[in-house]
Amino acid sequence: MATYTSSETAVQEPAKKAERVAKDYVNPYFAGILLGLVLFFAFFISGNGLGASGGMNRMLVFIEDLIAPQHVDRTPYLIDMAGGNKNPLDSWVVFVSVGTILGGFVSGWRNGRFKVETNKGPNISNKMRWMMAFIGGALMGYGARMARGCTSGQALSGGAVLSVGSWAFMFAVFGGAYLLAYSLRKFWN
Amino acid sequence: MSPFPLSLSTIFGHWGAYVVYLIIGFGFGYVLEIAGFGNSKKLAAQFYFKDLTVLKVMFSAIIVAMSLIFTASALGLLDYNLIWVNPTYLWPGILGGLIMGFGFIIGGFCPGTSMVAAATAKIDGIFFVLGVFFGIFLFGETVENYSVFWTSSYLGRFTLQDWLGLPTGVVVLIVIFMALFMFWGGEKLEVIFGGKNPASEPKWRYAAAGALVLVGVFALVMGQPTAEDRWARLAPEKNAVLANREVQIHPGELLEITSDTTLKVMMLDVRSEADYNLFHILDSRNIPLADLPNIVADLHFEPANTVFVTMSNDEEAATEAWKYLVAEAVPNVYILEGGINNWIATFGDDDLTKRFNAGAGDDQLCYIFDSALGERYSAAEPDAEEFELEYVPKVKLEIKRAPTSGGCG
């Protein structure tokens, strides 16, 4: 981890045996500018920013509505999305999410980074890493709904249009992660 | 009127508009992937100061998008009123953020990046996505137990410029400089903790930073459009609408639409509180002209089938209110024709109308009331069946451009 020479090769897993050589990631500032342009374009054209957890939320509610429609119709939080005849997938944020998956896949494929693997610190097993990923994901999903948005929908989008709540949220996310980071250093380093 | 944002569903149709969102999402996912956000180790390294890619990408994106948004707004191309600004629920946001921060360092992703990781076959990403679904499920099942907290500390559309009381351009520049300072500090940390060679950063980043500051200064100098500027741009078109009396609706039509269950009618009574207390229409809200700016953001949150009707004693103040709301891009605003005076003349019983004051000034109440009974007159909620009125219906719903849900809605 600490022996690389340029930002481009940082943290890259060397693709020793793979036929496709994984290309380096682009410069972070360059990626940031591109992301800023995508975000601006989204706001400029549609008035909406980006989102991720909202789309995942609606996909989940779609499935819940297939399995237990009565339960959905009795739960206030779910009624808004899927009560009665409402189709929870009938929302812009679902399409942003589907696009995100496609975009990630195409880029990973083109750049030789589509590869079955588990990224983890050197001192933990794959199973441990998967468990941590699941627990972390559950916390993320829960927190994202409580905060009415995730890093994309709140921090990034709300940050760019200067919402006070989004900036408070953003500092809380970084604060929470830094607070736990030291205790978890063995898992990542 | 500012041409952007577009009303996508008018142009492309309901499902066609979603293709645009699909393309936007594609760009989002693609950029996240090339930035390295499909890799949990790269994301986690942020929190050990070894590789601050997360900070750099995120804040570069924020300041680029922000500068362009407010420059486009200053140029009159983009209407900031129609942009979704996440409403602030302060404490649920902070607590949710802290929980997400824990999830970030434990699981190594955030929801958006985990989708990219899963799409590129990272097994840890797939487990994370499953975890997110589980967490969302749990939230849906438990939020009822603390819905009071979840909807607490609501501040509505509350921006940094509102909070700081500074011009938007100044806030934009402050945010740019704050981000540049963090980049500078971040690069130092990467040298110390990550052993990174400081010369490896590209030189063009200085030029990019300089360009961004220039854009920020430009936005500051141009200034954001005021309600007067917005009205000045609309005046030629909208004055004709007023002159042709296309938006002044007959009291009978107002009564009719209030009983239309497909519409939500919001009556904004812009008279003084004293007049309002003497007599007003049932369910109308008293918002004196001077208070209108405080509620514009809330009006934008109203559902798409909302019709706003402004009213004063005659039409003068109501027309001022109409101009203001139209300039602020509130959709579906109408004026009560002839105001409250005309309403009373139409629906008032003899008791109410007998004491006519012919000498009342312009836009003054021309009936004399002994007591302030407000809405406790039968004319405050007339029965539509009793009156047979002829009028030309004017209310047509226009499609709303401002998103009513956004963020991760």
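The values are calculated or read from the model by the stated rules, or taken from the named source; none is laboratory data. Worth saying up front: this structure is predicted, and the values here are computed from it rather than measured. Using ideal geometry, Cβ is built from the backbone for each residue, glycine included, and neighbour counts are taken over all protein chains shown. To get the accessible areas, we keep the full protein, side chains included, count just its heavy atoms, and leave off ligands, DNA and RNA. Shrake-Rupley method; radii C 1.70, N 1.55, O 1.52, S 1.80 Å.
Quick notes on this structure:
- Modelled FRET efficiency - R0 56 Å, B:ILE192 with B:SER272, Cβ distances, 0.05 increments: 0.30
- In chain B, the DSSP-assigned H stretches of four residues or longer account for a calculated mean residue ellipticity at 222 nm of -17000 deg cm²/dmol, using -39500 (n - 2.57) per stretch and the full residue count as denominator.
- Whole-Å distance, taken between Cα centres, linking region B:92-148 and region B:168-223: 30
- With respect to chain A, whose longest principal axis is taken over its alpha-carbon atoms, helix A:164-181 is tilted by about 50°.
- Relative contact order for region A:119-189, counting Cα pairs under 8 Å that sit 6 or more residues apart, in percent: 49
- Accessible area of region B:234-386 belonging to carbon and sulfur atoms, whole % at 1.4 Å probe: 46
- B:PHE356 paired with A:ASP80, simple spin-label distance in nm, labels 7 Å along Cα-to-beta-carbon: 5.1
- Kyte-Doolittle at least 1.6, axis length at least 30 Å by Cα - qualifying DSSP helices, chain B: B:53-74, B:168-194
- Cα gyration tensor shape for the protein assembly as shown, rounded if a/c is under 1.5, else prolate or oblate: prolate
- Under a 5 Å amide H cut-off, with hydrogens placed 1.01 Å from N, B:TYR334 pairs with B:PHE308, B:VAL309, B:THR310 among residues at least 5 apart or on other chains.
- Gyration tensor verdict on chain B (Cα atoms; rounded if a/c is under 1.5, prolate if a/b is larger than b/c, oblate otherwise): prolate
- Set of lysines with alpha-carbon distance to B:LYS56 below 17 Å, sequence-local pairs under 8 removed: B:LYS41, B:LYS42, B:LYS188, B:LYS196, B:LYS203
- Remark: region A:134-143, residue by residue, has Karplus-estimated 3J(HN,Hα) of 5, 5, x, x, 4, 4, 4, x, 5, x Hz, where x stands for each Gly or Pro and the curve is 6.51 cos²θ - 1.76 cosθ + 1.60 at θ = phi - 60°.
- Annotation: Cα Rg of region A:119-189 relative to the compact-globule expectation 2.2 N^0.38 Å equals 1.28.
- Over chain A: helical MRE at 222 nm, DSSP H runs n ≥ 4 each giving -39500 (n - 2.57), nearest 500: -19000 deg cm²/dmol
- Percent RCO, i.e. relative contact order, over chain A, from Cα pairs under 8 Å lying at least 6 residues apart: 22
- Normalised Debye scattering of region B:234-386 at q = 0.17, 0.20 Å⁻¹ gives log10 I(q)/I(0) of -0.98, -1.33, counting only Cα atoms as equal scatterers and leaving out solvent.
- Reachable lysines, given that their alpha-carbon falls under 21 Å from the alpha-carbon of B:LYS394 and they are not under 8 places away in the same chain: B:LYS238, B:LYS264, B:LYS323
- Here the translational diffusion coefficient of region B:8-227 follows from Stokes-Einstein with Rh set to the Kirkwood radius across Cα pairs; for 37 °C and 0.692 mPa s it amounts to 163 µm²/s.
- Angle of helix A:53-67 to the longest C-alpha principal axis of chain A, folded into 0 to 90 degrees and rounded to 10: 60°.
- Heavy-atom SASA rank of B:THR151, B:THR261 (probe 1.4 Å, accessible area, largest first): B:THR261, B:THR151
- For region B:236-281 versus region A:148-174, the inter-centroid distance based on Cα atoms is 38 Å.
- Calculated P(r) tail over 16 Å for region B:1-117, as whole % of Cα pairs: 73
- Pairs of Cα atoms nearer than 8 Å and 6+ residues apart set the relative contact order; for region B:234-386 it is 27 percent.
- Förster-model FRET efficiency, 25 Å R0, B:ALA208 and B:ILE174, C-beta, rounded to 0.05: 0.85
- Approximate spin-label separation B:GLU388-A:TYR182, in nm, with each point projected 7 Å along Cα-to-Cβ: 8.5
- Gyration tensor (alpha-carbon) shape descriptor, chain A, a/c threshold 1.5: prolate
- For chain A, a Gaussian network of Cα nodes joined below 10 Å ranks A:VAL116, A:VAL164, A:VAL96 by mean-square fluctuation, and the top entry is A:VAL116.
- Gain upon complete extension [B:TRP91, B:ASN244; 0.36 nm per residue less C-alpha separation]: 50.1 nm
- Alpha carbon Rg of region B:141-300, scaled by the compact-globule rule 2.2 N^0.38 Å: 1.69
- Amide H partners (placed H, <5 Å) of B:LEU263, local residues excluded: none
- The alpha-carbon atoms of region A:24-115 define a convex hull whose volume equals 120 cubic angstrom per residue.
- Whole-number D in µm²/s for region B:26-68 (Stokes-Einstein; Kirkwood sum over Cα pairs; 10 °C, 1.306 mPa s): 145
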